[in-house]
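The structure under discussion appears below in the form of structure tokens.
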Amino acid sequence: MAATTESVKADAAEAPLLNQRNLYAGLLLYLVFYSFIRWYEGVYGWSAGLDSFAPEFETYWMNMLYIELVLEVVIASALWGWLWKTRDRKVMSITPREELRRHFTHWTWLVMYGWAIYWGASYFTEQDGTWHQTIVRDTDFTPSHIIEFYLSYPIYIITGVSSFLYAKTRLPTYSEGLHLMYLVSVIGPFMILPNVGLNEWGHTFWFMEELFVAPLHYGFVFFGWAALAVMGVVNTEVMAISKLLKKDLA
Amino acid sequence: MSASQSAVRSRAEAVAVSRTFDWMILFTLFFVVLGGYHIHYMLTGGDWDFWADWKDRRLWVTVAPIVSITFPAAVQACLWWRYRLPVGATLCVLGLLLGEWINRYLNFWGWTYFPVNFCFPSNLMPGAILLDTILLLGGSMTLTAVVGGLAWGLVFYPGNWPIIAPLHVPVEYNGMMFTLADLQGYHYVRTGTPEYIRMVEKGTLRTFGKDVAPVSAFFSGFVSIIIYFLWHFFGKWFAKTDFISDDEL
């Protein structure tokens, strides 16, 4: 396809297909934020996080819990509300190029979801294991739980639901109904958070610190399997993107 | 062809777009699978994986392969069925090992001060390479389940032996003989200290003496075959692209 002077001017004026600045800024944001959190744990976990009846525990850990819970509710409401409020009501009439651009933005959300899942399900969850094997616990709100359950899990939930809402409200591919595996890949890991209720209820009866593989934890395992549903999302996306690029790649 | 009908301006741009998507898809798949696999593995086989004194000749050899073949089977099913890519097992295990090593170093050592030579993760790479190679050469998921599943269980202990052997040398301490790994555990007390919960080397299988590890590996391989079959179906289900229509809601 020959590029005319007019089309070159139009290319220069239009937004890039992939906004790389947003992508790298997002990845860096989580990395810097969680590095700060890890530093905070290292400093105040041992000095103020061992006895939940101590005044310093209230200062450094319970106040952190209250602040993060409020911020999470505010951010989730604002982000999800904005995504829904600004939805495209004529999504089926966008140009192929605009659709491709939106797939890139969608994938920026999915990359962020993958990154957030790593920090929540891998980094802070196994970290909780070594903390309790060392410190045991005298409250449900231990320093590791305040970060793992009530910070890193809500962050991946907020990111995952945002990704789903973006796809549903702006991409023609997802306008024909609800994508089953997308729902599973977002709601499954989300269910890990309500499962904390079962976990803490059980730990109130039994210490169970001897085994990280204790059956009480199997709820987390079951809902963790739902992460595999991202394969269904990948397959759908590959089909949609292939359809957009097929004739140009032939 | 008018510009409005095409999503890209040229073939070169189409190729560049395609490659960029490849990287974004790979990144997301890698980290989401890493997260799901890691939470599954740490809560079904984690204690055996965390500590050198749990890495015995019996339950570690039995439990770790059985619970870890799950995600490789599921991801292999999707990547092979859809894209003929025989890399599913390696992708899963690389992700799991990355997550584990970062954790063992920055948290087990960096936060709670367990030395890394006491809390290093098990090596699952030989089994993953075997699973992917058998799928590549055989082109059959049934063959991979039977031969690969058995190999996954059998190769686990030999694959870890060069790492664990120095910690299994006998030492005498306060008139008792045990392994160097046990001595590490004796000094680094945790709630999961095996002497307290008495799970390590439990049972009468030890009367077989030197045969404990091979017998356990063989049993583990047998169960791994069954788990592979089951989880490859899970993988196919999770790879579906179905929509729930508005009428069904």
Residue-normalised 222 nm signal for chain A, counting each DSSP H run of n ≥ 4 as -39,500 (n - 2.57), nearest 500 deg cm²/dmol, is -23000 deg cm²/dmol
Residue separation between A:Phe33 and A:Leu71 times 0.36 nm, minus their alpha-carbon distance, gives in nm 12.3 nm
Taking alpha-carbon centroids only, region A:111-134 lies from region A:140-178 a number of Å equal to 15
With +1 at each Lys and Arg Cβ and -1 at each Asp and Glu Cβ, the charge dipole magnitude of the protein assembly as shown around its Cα centre, to the nearest 20 debye, comes out at 1780
Expected vector for region B:189-197, Karplus 3J(HN,Hα) from phi with 6.51, -1.76, 1.60 and θ = phi - 60°, integer Hz, x for Gly and Pro, equals 6, 10, 5, x, 4, x, 4, 7, 9
So, relative contact order of region A:56-249 in percent, Cα under 8 Å, 6 or more apart, is 27
If every Lys and Arg gets +1 and every Asp and Glu gets -1 at its Cβ, then about the Cα centre region B:12-239 yields a dipole, in debye to the nearest 20, of 360
Those chymotrypsin sites (Phe, Trp or Tyr not before Pro) from region A:176-231 that are DSSP loop and have at most 16 other Cβ neighbours within 10 Å turn out to be A:Trp206, A:Phe207
For region B:18-32, in residue order, the Karplus 3J(HN,Hα) values (coefficients 6.51, -1.76, 1.60; θ = phi - 60°; whole Hz; Gly and Pro = x) are 4, 5, 5, 4, 3, 5, 5, 5, 4, 4, 5, 4, 4, 7, 5
Exposed trypsin sites (Lys or Arg not before Pro) being those in a DSSP loop with at most 10 other Cβ atoms within 10 Å, the longest stretch of chain B free of them is B:85-197
Here the FRET efficiency for B:Ser10 versus A:Thr59, based on Cβ atoms and R0 = 60 Å and rounded to 0.05, is 0.50
quick shape note, chain B: Cα extents on principal axes in Å, largest first -> 87, 40, 40
Between B:Val189 and A:Trp84, the two model label points (7 Å from Cα along the beta-carbon direction) sit apart by a distance in nm of 5.4
HN-Hα couplings for region A:112-128 via Karplus (6.51, -1.76, 1.60; θ = phi - 60°), in whole Hz with x for Gly/Pro, come out as 5, 5, x, 5, 5, 4, 4, 5, x, 7, 9, 5, 7, 6, 5, 4, 4
Contour minus Cα-Cα span, B:Val171 to B:Val146, at 0.36 nm per residue, comes to 5.0 nm
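How large is the convex hull of the Cα atoms of the protein assembly as shown per residue, expressed in Å³ as a whole number?
Taking the convex hull of the Cα positions in the protein assembly as shown, it is 165 Å³ per residue.
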Checked region A:56-249 with the C-alpha gyration tensor, a ≥ b ≥ c its square-rooted eigenvalues, rounded below a/c of 1.5, otherwise prolate if a/b is larger than b/c and oblate if not; verdict prolate
XL table A:Lys247/B:Lys236; A:Lys90/A:Lys246; B:Lys55/B:Lys240; A:Lys90/B:Lys240; Cα-Cα > 32 Å flagged, in table order, is B:Lys55/B:Lys240
Under 5 Å from the placed amide H of B:Ile244, counting only residues 5+ away or on other chains, we find A:Leu178, A:His179, A:Leu180
The helix A:153-170 Cα axis meets the longest alpha-carbon principal axis of chain A at an angle in degrees, between 0 and 90 and rounded to 10, of 20
Losing no less than 50 Å² of accessible area (probe 1.4 Å) relative to the isolated chain, the residues of region A:164-195 are A:Glu176, A:Leu178, A:Leu180, A:Met181
Carbon/sulfur accessible area of region B:40-114, % of total, 1.4 Å probe, equals 72
With all protein chains present, chain A has a carbon and sulfur share of its accessible area (1.4 Å probe) in percent of 70
So the FRET efficiency between B:Ile197 and A:Phe222, C-beta based with R0 = 25 Å and rounded to 0.05, is 0.55
When the charge dipole of region B:135-249 is computed with +1 at the Cβ of Lys and Arg and -1 at the Cβ of Asp and Glu, the Cα pointing farthest to the positive end, of B:Tyr173, B:Ser216, B:Trp237, is that of B:Tyr173
For region B:90-203, the dipole about the Cα centre with charges only on Cβ (Lys and Arg +1, Asp and Glu -1), to the nearest 20 debye, works out at 140
Using alpha carbon centers only, region B:1-44 is separated from region B:132-176 by a whole-angstrom value of 33
With the 8 Å Cα cutoff and a minimum separation of six or more residues, region B:98-200 has a relative contact order in percent of 18
Region B:12-239 accessible area per residue, 1.4 Å probe, protein heavy atoms, integer Å², reads 41
Within chain A, excluding any GluC sites (Glu not before Pro) found in a DSSP loop (not H, G, I, E or B) and having at most 15 other Cβ atoms within 10 Å, the longest uninterrupted segment runs A:15-175
With a 1.4 Å probe and ligands and nucleic acids left out, the total accessible area lost when A pairs with B, in Å² to the nearest 100, equals 7200
Percent relative contact order for chain B, counting Cα pairs under 8 Å at least six residues apart, stands at 27
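The values are calculated or read from the model by the stated rules, or taken from the named source; none is laboratory data. The structure presented is a predicted model; accordingly, all values stated were derived computationally and were not measured. We place every Cβ from the backbone using ideal geometry, glycine too, and count neighbours over all the protein chains shown. The area values use the complete protein model at the heavy-atom level, side chains included, leaving out ligands, DNA and RNA. Shrake-Rupley method; radii C 1.70, N 1.55, O 1.52, S 1.80 Å.
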